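S.K.: One structure coming up, written as structure tokens, with questions to follow.
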């Protein structure tokens, strides 16, 4: 009996599907036609089309943060990948597992310098932890299996990195050896006992200390252990400014969040003697400023690492709790409060209050804006939720990440809190939300400006803003009609100008399936 | 008397303005605040804001093709540059002069690995002919002057390349030595007489020959010389498939255009014995196909280069005409015809006929779609015009390029012919058109699909298209309402379903100032 044959594309897609990759976010072109054919033949892999690659990659990031495993993207040569890089940058900073499949010409075609020819590898190196190009049909499935392993850096935990497979069309269309099994994912490295003991001795002194928690140290089990350590030693728990994902709200461990500006970070850490990094980097100023240090840590504060980014932060914190005999102590948790707001016009503060008052159980909140982040503290007293932040500073991430989170968790309400400047970058995500009937409620903070730049310009000491500078921060000429924009892509929407209107629209949207957009005039 | 001082940003912007750079397309962020301040203080440089960097770079490409000199872009670190790369890829393939200024952290801030930190240089290498990073305030103006020289590769002609200046914020804010003068641009290299004589002898044989004309060989003076050579020797004149810019229409030299698919190229060249490259690359298949050669040139056809891309094609063709004594011959030109169309529904063919019938004198046509290109032949008999093509195959270029062309040539009507798939990539260009009241008429070919992919999928021999594949080519679920989309960004618009409606809307738009969008249902 003759063996059934399959081409490289089929073997790759089968390998990914068998390895647990269930979603492909696609912007295909001619060089990816055999991959499209393979997707057509592999029902275990869901294919979702976007209108722009920045939506693909941002959605894959949101999906990966919620699922703890990679989605695949399907991108068209160098320019297709380039369009996705900004959100891949954010995904890299979030330590999201993610696999890019980038179509390319066969190697033998490169010398003709056809119009779409460019150096794709060099682009991929900007954000990828693993890249592979020049696969053959016979190696392609194996390369896909390695991409899975590379993207899931270590167990346990949802953290990973970006693997980029640049695939010549001939590797897709020629005959393969069939799918292969993916490799087991190695365990995270454990921190050694000496390091735990050193930190335990520091904390036992009772001097003012902070555990700075990021990435793996934000997993619920890590936060539970950290909370016991706090109860025992009096240390504070603080997350980074922009945690990739943190599950908060009533019942979750109380934890502070580091502010944005370096002078605020310094103020937060004032008097701290020991800063303990757990899965975290030392605080840095988001941008450099002319007369400020880039390292906003008080002079009298020493920094010590309990667990490096790649180490097992849960285990390290549990070891530390044991060393401190912090096993049977009470844990300080956020508690539900009755949240109220006044009638009146919308501004960042009143929008935050309304959002907290309306937040449904199990919501996923995705935001890449200052306005959206302002709602974070109040939401801790509202309802259990997952919060996804802009990790890499590249705006246009919140809407796509919300789209991916909704694909990952169809039963949870998703709330995208977007500045109008950032929303304009990747507004095409609304179309995919409509097409897939995703439960995403988008709130646009329509303040008609790149407001952070007004703030930053003032920080330079400029008090007399000229017409050119003013125009470069102003997106109110013309004003974008976000409701009309949403409707043009099949997403219903409405404008809120008061807190009551916003409340009513939010609750109505959460009660319905499918996407909805609210233009919050502020 | 104390010398007046200026910071690096001011010295850079002054240097660019004094060097003839009149336009800055900007998406600034915090690291570019001092550049914004410098723009505020330099009225000779016009600053235009876009909502997305792909619009910046595509507009700079359109501007450069029309002006023969660079615009500057102002981009925000690695992600801001990444968002602009797809259209920089197109600009590179078009040989457009263009200067990117990319803000970055100061070098001393890089080690903190702040969220927006990434390897910007590696991204820039994908498309730049010249890059510079780590300027100091004292070198920044000189680096800007060098960027001008690098972008204008050689005189005469509008061709150039991309220069990318990656600028740490400290170079902008610290004290400079003031602006500097830019360097003279070297003359293009002349081809040597031996090469001209060799080609002359070939052509004189009277065997079937083709002059393949691209880039510098598409300048009007080059086409005039080429037309004399044709008249004398019987050779054919053919442009590449996607000329960056060609000025055509009645009065312009008659010239053929190479088709898209490799089998069509082979058929066009059938029987040709000598293919003479003038500023052109040898024909290549746009994509690789499984059973087709990537080099669609008949076996019996030899290829010879008259002028390489960087050489003076005008001079080479004039030398060749002289060598062939083709100095006083008649030149075959396109002639004006009365163009008609039938009443009826819209399809690619009928839209082409209406566009040709309505084309105003001096129009600039920008297209990145197959539908738009189909209007090219008929327009040659309509009115003198400039035609801008998609040179690098990355869609989402036509609208931004039209925006830049309108900024370059405010007195000429600009017509953007966009597929709906490509338009969705960079639709934010409409907002800049509204803000700057640009004379751009956009026609969206609303066929609700990535139609080229239907064609390409069929070329694989697939006759049974499954639901997943079909969904990945279909953008009709939901249908985008392009008129509502345009209005949401301040651009009026209307839908045409018949040839008469399209005619009426086109003429009305050309008669008015400011942008307009027509959704052509086809």
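Derivation of every value follows stated rules applied to the coordinates shown; laboratory data play no part. Computed from a predicted model, the values in this text were never measured in an experiment. Reconstructed Cβ throughout: ideal geometry from the backbone, glycine too, with neighbour counts over all protein chains shown.
S.K.: Distances in nm, one decimal, shortest first, from residue B:20 to the same residue in every other copy, taking the label point 7 angstrom along Cα→Cβ.
M.R.: Spacings between copies for this position, smallest first, are 6.0 nm.
S.K.: At residue B:187, label 7 Å along Cα→Cβ: distances to the other copies, nm, ascending?
M.R.: 7.6
S.K.: Shifting gears a bit: I'd like the antiparallel share, as a percent to the nearest 5, of DSSP beta bridges with both residues in chain A.
M.R.: Roughly 10 percent of the DSSP beta bridges within chain A come out antiparallel.
S.K.: Extent of segment A:446-504 along each principal axis, from alpha carbon coordinates, in Å, largest to smallest?
M.R.: Computed over segment A:446-504, the largest-to-smallest principal extents equal 42, 25, 13 Å.
S.K.: Just to be sure I understand the curve: with the Debye formula and one point per C-alpha of segment B:288-440, what is log10 I(q)/I(0) at q = 0.09, 0.16, 0.19 Å⁻¹?
M.R.: Those come out to -0.44, -1.08, -1.17, one per q.
S.K.: Would you mind estimating how fast the protein assembly as shown diffuses translationally, via Stokes-Einstein at 25 °C and 0.890 mPa s with the Kirkwood radius over Cα pairs, in µm²/s? Don't skip to the answer; put the middle values down first.
M.R.: Details: Rh = 29.9 Å.
Stokes-Einstein gives a translational diffusion coefficient of 82 µm²/s.
S.K.: Right, here's the next one. Counting pairwise Cα distances across segment B:383-463, what percent come out greater than 17 angstrom?
M.R.: The answer is 51 percent, as a whole percent.
S.K.: Cα convex hull of segment A:1-82: mean projected area in nm², to one decimal?
M.R.: Numbers: hull surface 23.5 nm².
Average of the hull's projected areas for segment A:1-82 equals 5.9 nm².
S.K.: Run the paramagnetic zone check for residue B:194: 7 angstrom along Cα to Cβ, then residues of segment B:271-306 with backbone nitrogen under 15 Å.
M.R.: Those under the cut-off are B:305-306.
S.K.: How do the peptides A:261-268, B:54-61, A:488-495 rank, highest first, by the average count of neighbouring beta carbon atoms within 10 Å per residue? Spell out each step's value before the answer.
M.R.: Details: A:261-268: 17.0, B:54-61: 33.4, A:488-495: 20.4.
Peptide ranking by packing, descending: B:54-61, A:488-495, A:261-268.
S.K.: In square nanometres, what is one fourth of the surface area of the convex hull spanned by the alpha carbons of segment B:137-197?
M.R.: Average of the hull's projected areas for segment B:137-197 equals 5.4 nm².
S.K.: Ok, one more. For a footprinting-style exposure proxy, rank A:501, A:32, A:53 by other Cβ within 10 Å, fewest first. Before the final figure, lay out the partial values.
M.R.: Working: A:501 17, A:32 29, A:53 32.
Going from sparsest to densest Cβ surroundings: A:501, A:32, A:53.
S.K.: Another one. Based solely on C-alpha atoms, express the radius of gyration and the Dmax of segment B:142-260 in angstrom.
M.R.: Values for segment B:142-260 (Cα only, Rg and Dmax): 20.4, 66 Å.
S.K.: Also: What nm value, rounded to one decimal, do you get for the distance between residue B:454 and residue B:474 when each label is placed 7 Å out toward the C-beta?
M.R.: My value for the distance between the label points is 1.1 nm.
S.K.: Here's another thing I want to ask about it. What FRET efficiency comes out for the pair residue A:187/residue A:292, r = Cβ-Cβ distance, R0 = 35 Å, nearest 0.05?
M.R.: Values: r = 41 Å, r/R0 = 1.17.
Calculated value: 0.30.
S.K.: Residue separation times 0.36 nm, minus the C-alpha to C-alpha distance between residue B:338 and residue B:304: what's the value?
M.R.: This chain segment gains 8.3 nm when fully extended.
S.K.: Okay, helix-only estimate at 222 nm for the protein assembly as shown: each DSSP H run of n ≥ 4 adds -39500 (n - 2.57), divide by all residues, round to 500 deg cm²/dmol; what do you get?
M.R.: -10500 deg cm²/dmol
S.K.: Just the number: Rg to Rh for segment A:13-152, Cα atoms, Kirkwood Rh, two decimals.
M.R.: With Rh from the inverse mean 1/r over Cα pairs, Rg/Rh is 0.93.
S.K.: Average partner chain C-beta neighbours within 10 Å, per residue of B:32-38?
M.R.: Mean number of neighbouring Cβ atoms from other chains: 6.
S.K.: Which residues does the label zone of residue A:513 cover in segment A:440-462, counting backbone N under 16 Å from a point 7 Å along Cα→Cβ?
M.R.: Inside the label zone: A:440-441.
S.K.: A follow-up question, please. Restricting to Cα pairs below 8 Å that are 6+ residues apart, what does the relative contact order work out to for chain B? Please round to a whole percent.
M.R.: 14
S.K.: For chain B, what does the equivalent ellipsoid look like in terms of its semi-axes, each the square root of 5 times an eigenvalue of the Cα gyration tensor, given largest first in whole Å?
M.R.: Semi-axes, largest first: 38, 31, 22 Å.
S.K.: Based only on other Cβ atoms within 10 Å, what is the fewest-to-most ordering of B:230, A:153, A:236?
M.R.: Numbers: B:230 24, A:153 20, A:236 16.
By the 10 Å Cβ count, ascending: A:236, A:153, B:230.
S.K.: Taking 7 Å along the Cα-to-C-beta vector as the label spot, tell me the residue B:201-residue A:330 distance in nanometres, rounded to one decimal.
M.R.: 10.1
S.K.: Which distances, shortest first and in nm, link residue B:201 to the matching position in the other copies, using label points set 7 Å out along Cα to C-beta?
M.R.: Distances to the matching label points in the other copies: 8.9 nm.
S.K.: Using only atoms on other chains, find how many Cβ atoms lie within 10 Å of each Cβ of peptide A:470-476 and report the average.
M.R.: 5
S.K.: Then there's this: Express the Stokes-Einstein translational diffusion coefficient of segment A:348-521 in µm² s⁻¹, to the nearest whole number, given a Kirkwood radius over alpha-carbon pairs, 25 °C and a viscosity of 0.890 mPa s.
M.R.: Translational D for this selection: 151 µm²/s.
S.K.: Report for segment A:348-521 the percent antiparallel among DSSP-assigned beta bridges with both residues inside it, nearest 5.
M.R.: Numbers: 1 of 25 bridges.
Of the beta bridges lying entirely in segment A:348-521, close to 5 percent run antiparallel.
S.K.: Using the alpha carbons of segment A:184-322, what is the convex hull volume per residue in cubic angstrom, as a whole number?
M.R.: Taking only Cα atoms, segment A:184-322 has a hull volume of 117 Å³ per residue.
S.K.: Further question: Averaged over B:123-135, how many beta carbons belonging to a partner chain fall within 10 Å of each residue's beta carbon?
M.R.: Averaged over the peptide's residues, the number is 2.
S.K.: Which of B:139, B:73 has the fewest other C-beta atoms within 10 Å, and how do the rest follow up to the most? Can you show the working numbers first?
M.R.: Working: B:139 18, B:73 29.
Going from least to most buried by this count: B:139, B:73.
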